[in-house]
Amino acid sequence: MSAAAGGTAAGAPGADGYYGRPVLKRPAWTWEVPWYFWTGGLAGASSVLSVAARAAGNRPLARAAAIAAAPAAAVSPALLVSDLGRPERFLNMLRVFRPSSPLSMGAWLLSAYAPLAVGAGAAELLGILPRTRTAAAVGAAALGPGLVTYTAVLLAHNAVPVWHGAQRELPFVFAGSAAASAGGAAFLLAPAAAAEPARRVAIAGGLLELAAERAMERRLGPLAAPFEGDGPAARLGRWARGLTAAGTTLAAAGGGRAGRWRRRGPPCCSPAAPASAGRCTGRASPPPRTRAPPSGRSAPAWTPASPRARDPQARSTRPVRPAPVRVRNSATLGPASSLSRHGTYR
Amino acid sequence: MTTLDPGAWFTPDGEPRRMGFFTDTSVCIGCKACEVACKEWNGVPSDVAGFTGMSFDNTVALGADTWRHVAFVEQAPVGLEWFGEDAAAGTAPAAPSAQDLRFLMSSDVCKHCTRAGCLDVCPTGAIFRTEFGSVVVQEDVCNGCGYCVSACPFGVIERREDDGRAFKCTLCYDRSKGGLEPACATACPTDSIQFGPLDELRDRAAGRVEHLVAAGQSRAQLYGADPDDGVGGFGAFFLLLDRPEVYGLPPDPVVPTRDAARMWRMAGAAAGVLVAGIAALVGLSPRGGR
């Protein structure tokens, strides 16, 4: 028998893992998630910008940023809920508080943040309840930075090597992207004379995003393979980088003529941000439910983390399955929650 | 099948013990009785993949509708050249003897990790640790967020698309509550799947692998029996006759939540940069006019 240990036939199991099949499951997240990252980032950074501008005495800019944050903060929870397999059970996330789960932290953060940001924006728009508005704006600004960067922790808490390996730089990518989006949005909405600080925030955010991404890809090394070639992640990545760079450049060039740029269109509203997030999540819209799994170069994203098993040629195609015959599960587990012991077993 | 003493689930003091599987693949015959018994007992939906061409494996992988999966690996020093032009031209290598061929079979299952990624990241508390140390999804709580799917370093748990919720092996928690072994272990005709208190299984497995190595199976190894590995050891571990990759198993699995503290520190630093940056750029810039 030991003679068999000699080797394996070409194309046989062992040459490329188990029949070339990916070890990991394809993540279940849908197109909503990158957009959720973008709206959350835009809202969170706008809330910070709003309060900072008010503290600096720039009231028109504060007003613009608060109004920009509100719709993004309103859309964000809707995207998060619609991503669920059972959206009607969203509130189950609020039955427990679990620091070990970034998504649990995010659900609580968003549940606290969204009403504050929407309230502050509405009060600003309608010009009512000034004290309530200030309190809500300060609360939103306190939670906003967490909303912007927790998503990086969310993404890094993953077995997918390219996400897990990006854990150090990803929060800075998201912070930069959020600042670029918030700066751009406030720049569009604020009167020209008050918009100068927003332009600076947009430029700085764009630069931070580009620099952090560069650092991230350098650290990832061969794990960054899904970002190269012509897979969906690579394509979105090029768009993200190009648009961020173009927006940042235009914003910088727009210097003394802010009003002109503002009327022309959004030089730095970072339209790249959702593409960037989409790239980081390794997927493009349309939603993957209707899409074939990525093939070719993007496949290593789902292959095992260890260099011993990493195989850039690993295929991730799966055979077409006929619709499963549904059999209802008759053996329900009963009142298991009363027995639960959360945390690590020792 | 071995018969488990009804008291095996508890210590003499009445404390529940950590129960698990030891899957000794050296005696697996690939009958798939474990797959069938699991489906029958747990009411797992059919998932006919059709003919895959992957040896005898038409189950393909673990997933929402496959909680046991028997892998088939055919190993030979040469491949299809016996049947192609080489064979016609008479240049094919000599047919290997039976000694050169090897047929590996292994029944894969959820590992019930000591540090379970799926359990750590579940935001609803639907996934919990039972008193027997297994990791179970409560289907009446799960809201289908799908976070567990990408947190599993083994690709075990999966969302059932027409249902929206995540499913996986429960180590037959309901049977354990009634003092019965899991369905797969009960059905296994060669005792390849052994169920019992984890510490006893580890001792038994250590002896078994020693015996196999001494008998010439140089690559025989335990997979997941080490409590110091990246997931803190498996509740369901394996004796393999080749490297884990050959069976489609990750050689060095790490729970993605291991670096949680550093990730949150980096997120905090980035949040600080965001706030400080915006404050500086807004505060230091010329005041906006009216």
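Just one of the listed residues (B:220, B:206, B:225) is among the hydrophobic types (A, V, I, L, M, F, W, C) and in contact (Cβ under 8 Å) with a residue 60 or more places away in the chain, namely B:220. Regarding segment B:137-157, can at least one residue be identified that is under 11 Å from residue B:64 (Cα atoms) and facing another protein chain (nearest Cβ under 7 Å)? Yes; the residues of segment B:137-157 include at least one that is under 11 Å from residue B:64 (Cα atoms) and facing another protein chain (nearest Cβ under 7 Å).
Restricting attention to segment A:146-169, the residues that are of a type in the set (Phe, Trp, Tyr) and farther than 16 Å from residue A:43 by Cβ add up to 1. The residues in segment A:145-176 that are within 7 Å of chain B (Cβ to nearest Cβ) and under 20 Å from residue B:231 (Cβ atoms) can be counted, and the count is 8. Do we have any residue at all in segment A:99-117 that's modelled with pLDDT of 95 or more, touching a Ser or Thr at 6+ places or on another chain (Cβ under 9 Å), part of a loop (DSSP other than H, G, I, E, B) and surrounded by fewer than 17 Cβ atoms within 10 Å (Cβ to Cβ)? Among the residues of segment A:99-117, not one is modelled with pLDDT of 95 or more, touching a Ser or Thr at 6+ places or on another chain (Cβ under 9 Å), part of a loop (DSSP other than H, G, I, E, B) and surrounded by fewer than 17 Cβ atoms within 10 Å (Cβ to Cβ), which makes the answer no. Considering segment B:124-149, and only residues there that are in contact (Cβ under 8 Å) with a residue 60 or more places away in the chain and either within 16 Å of residue B:256 (Cα to Cα) or not hydroxyl-bearing (Ser, Thr, Tyr) (or both), the residue that is surrounded by the most Cβ atoms within 10 Å (Cβ to Cβ) turns out to be B:135. Within segment A:181-196, the set of residues being part of a helix (DSSP H, G or I), facing chain B (nearest Cβ under 9 Å) and not hydrophobic (A, V, I, L, M, F, W, C) comprises A:183, A:196.
Yes or no, residue by residue, for (1) surrounded by 22 or more Cβ atoms within 10 Å (Cβ to Cβ); (2) more than 14 Å from chain A (Cβ to nearest Cβ); (3) within 30 Å of residue A:155 (Cβ to Cβ):
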residue	(1), (2), (3)
B:193	yes, yes, no
B:215	no, no, no
B:232	no, no, yes
B:236	yes, no, yes
B:242	yes, no, no
B:252	no, no, yes
B:261	no, no, yes
B:267	yes, no, yes
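Within segment B:219-228, identify whether any single residue is hydroxyl-bearing (Ser, Thr, Tyr), surrounded by 19 or more Cβ atoms within 10 Å (Cβ to Cβ) and assigned to a helix (DSSP H, G or I), and answer yes or no. For segment B:219-228, residues hydroxyl-bearing (Ser, Thr, Tyr), surrounded by 19 or more Cβ atoms within 10 Å (Cβ to Cβ) and assigned to a helix (DSSP H, G or I): absent.
Testing residue B:206 on (1) within 12 Å of chain A (Cβ to nearest Cβ); (2) assigned to a helix (DSSP H, G or I), one condition comes back false. Which one is that? Checking residue B:206 against (1) within 12 Å of chain A (Cβ to nearest Cβ); (2) assigned to a helix (DSSP H, G or I), the one that fails is (1).
The values are calculated or read from the model by the stated rules, or taken from the named source; none is laboratory data. Predicted, not measured: the structure shown is a model, and the values here were computed from it. Backbone-built Cβ (ideal geometry, glycine too); neighbour counts: all protein chains shown.
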